[in-house]
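> First, the structure itself, so that you have it in front of you.
FYI, it's all coordinate maths here, none of it is from the lab. The model shown is predicted, which means the values in this text are computed figures rather than measured ones. Using ideal geometry, Cβ is built from the backbone for each residue, glycine included, and neighbour counts are taken over all protein chains shown.
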Amino acid sequence: MSEPTDAKIVKYQFEVPIKRSPADIWDLMINHIDAWWMEDFRALGEGSTVTLGAEAGGQLVETGSDGSVLEWYRVQMITPGKSLYLVGYLAPDWGGPTTSMLKLAVEERDDGGVLSVSDALHGNVTESSAGAAEGGWKMLFNDGLKGLAEK
C-alpha cells in the first residue's frame, strides 16, 4: 500500500493590461477562445478546437480532430462582462490529483481594460507545479489573448 501524502494549497494572482475595452476583452475571451488558445496549450494536438460554454455548468472543452475530448474546466459562476469562475481537475498522469479554482475578471482601467487572473490550487501541489501553472496562464493570456486583442 502506498503512503499518503499531504495536500497543499497554493494561490497566485496577476493582471494583464490590454488596450481594448472591457467589453471587447470579454467578447474575445468568451466567444473567440479558439482564436487565442495557443497551439502549445492544446493537449489533444494540432487541429483541435477549444470552446467555452459561458453559463453555470458550462465547459471549457478541447476537442481533438480524432474525436478525443478534454474538459479543461467547468463554469462555476459567471457575471456576464465582468467575471468567470472555473473549476478544473488535474489527473495523476499530469501531476495531480489537483483541483484548480480559477477566476478571470475584466475591468476598466486608464487606457483600456485589464484581465485579473487568480487561481487557487489544492492537492498534489509543489512550488514547481504551481509555478508552471502560473507561467502557463501568463503566457496564454499575454501572448494569446492580449496578442490577439491588440493586433
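> Given only helices, namely DSSP H runs of n ≥ 4 each adding -39500 (n - 2.57), what is the per-residue ellipticity at 222 nm of the chain, to the nearest 500 deg cm²/dmol? All intermediate terms of the calculation are to be shown ahead of the outcome.
Details: 3 runs with 27 residues, N = 151.
Dividing the helical sum by the residues of the chain leaves -5000 deg cm²/dmol.
> I would also like to ask the following. Determine the dipole magnitude for the chain: charges of +1 sit on the beta-carbon of Lys and Arg, -1 on that of Asp and Glu, nothing else is charged, the reference point is the Cα centre, and the result goes in debye to the nearest 20.
Details: 12 positive and 23 negative charges, 68 e Å.
In total the dipole reaches around 320 debye.
> So how do Phe14, Phe141 line up by other beta-carbon neighbours within 10 Å, fewest first?
Numbers: Phe14 14, Phe141 20.
If I rank by nearby Cβ atoms, fewest first, I get Phe14, Phe141.
> Compute the orientation-averaged projected area for the chain from the convex hull of its Cα atoms and round it to one decimal in nm².
With the hull built on Cα positions only, its mean projection is 9.8 nm².
> Here is a follow-up. Which number gives the lysine pairs in segment 8-149 that have C-alpha atoms under 19 Å apart and are eight or more places apart or on different chains?
10
> Another question, then. Taking R0 as 22 Å, what's the FRET efficiency between Lys103 and Asn142 from their Cβ-Cβ distance, rounded to 0.05?
Values: r = 17 Å, r/R0 = 0.79.
Efficiency computed from Cβ-Cβ geometry: 0.80.
> Could I ask something else about it? Using a cut-off of 15 Å between beta-carbons, work out the net charge of the residues near Val125 (Lys and Arg +1, Asp and Glu -1, Val125 not included).
On the way: positive: Lys8, Lys11; negative: Asp6, Asp119, Glu127, Glu134.
With Lys, Arg at +1 and Asp, Glu at -1, the net is -2.
> Let me ask something else. Could you work out the relative contact order of the chain, using alpha carbon pairs under 8 angstrom and six or more residues apart, expressed as a whole percent?
Numbers: 297 pairs, mean separation 46.1, N = 151.
The value is 31 percent.
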